[in-house]
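Undergrad: Please find one structure pasted underneath; my questions will follow.
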Protein chains: 2
Amino acid sequence: MNFLAEIKIMPLKELLDPQGKAVMGGLSNLGLKNIEDVRIGKHIQLSIEADNAVEAKQIAEEASKKLLANQVMEEYTIQIT
Amino acid sequence: MNFLAEIKIMPLKELLDPQGKAVMGGLSNLGLKNIEDVRIGKHIQLSIEADNAVEAKQIAEEASKKLLANQVMEEYTIQIT
């Protein structure tokens, strides 16, 4: 069966996010003053061939740990559909 | 009130995603052979000060259209929490 894994990778809360700060400045310059914080991460969709959702999640976990997320600076959450 | 807008920005389905293809090659080299497709986009969290969720969503929409997403190449979905 084919599963879609949606992986959200965000910078850790404890760390500064300079890209987010820059975008917040840009939004403020465009007149959007009500935005108080911006954090920017990655969203990765994997199309996984697996027997069941548990196996698909394991593959997505392995991919996240080995390549997709840098766990020193980022946290990831996986959702299988 | 403070709302969190989660904005998912992905390359349009009709377009190639060279970054995703490169990552798929990397995953295959690492021995993860069951992954058939990879698409990479952005995930942006906005912290928005607004009276209600509808207003927060409007602000997030405006931010997405004006700055965050390039609608020629990307599609976005907004979730307010």
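Undergrad: Among the numbered conditions (1) closer than 24 Å to A:Leu46 by Cα; (2) without any contact (Cβ under 8 Å) to a residue 12 or more places away in the chain, tell me where B:Glu55 comes up short.
TA: Every listed condition holds for B:Glu55 apart from (1).
Undergrad: So B:Val72 ticks every box in (1) more than 10 Å from chain A (Cβ to nearest Cβ); (2) aliphatic (A, V, I, L, M); (3) assigned to a helix (DSSP H, G or I) but one. Which box is left unticked?
TA: Among (1) more than 10 Å from chain A (Cβ to nearest Cβ); (2) aliphatic (A, V, I, L, M); (3) assigned to a helix (DSSP H, G or I), B:Val72 violates only (3).
Undergrad: Kindly establish whether A:Gly20 is within 9 Å of chain B (Cβ to nearest Cβ), crowded, with 17+ Cβ neighbours inside 10 Å, closer than 30 Å to B:Met1 by Cβ and of a type in the set (Gly, Ala, Ser).
TA: yes
Undergrad: Still on this structure, please answer the following. Has region A:26-45 got any residue that is within 20 Å of B:Val38 (Cα to Cα), part of a strand (DSSP E or B), aliphatic (A, V, I, L, M) and touching a helix residue (DSSP H, G or I) at 6+ places or on another chain (Cβ under 8 Å)?
TA: Looking for residues that are within 20 Å of B:Val38 (Cα to Cα), part of a strand (DSSP E or B), aliphatic (A, V, I, L, M) and touching a helix residue (DSSP H, G or I) at 6+ places or on another chain (Cβ under 8 Å), one finds at least one in region A:26-45, hence yes.
Undergrad: Looking at region B:48-62, is at least one residue crowded, with 20+ Cβ neighbours inside 10 Å, facing another protein chain (nearest Cβ under 8 Å), closer than 21 Å to A:Lys8 by Cβ and under 15 Å from the mean Cα position of the chain (by Cα)?
TA: no
Each value in this text was obtained by applying a stated rule to the coordinates, not by laboratory testing. This one's a predicted model, so the numbers in the text were calculated from it and none came from an experiment. Every residue, glycine as well, gets a Cβ built from its backbone with ideal geometry; the counts of neighbours run over all protein chains shown.
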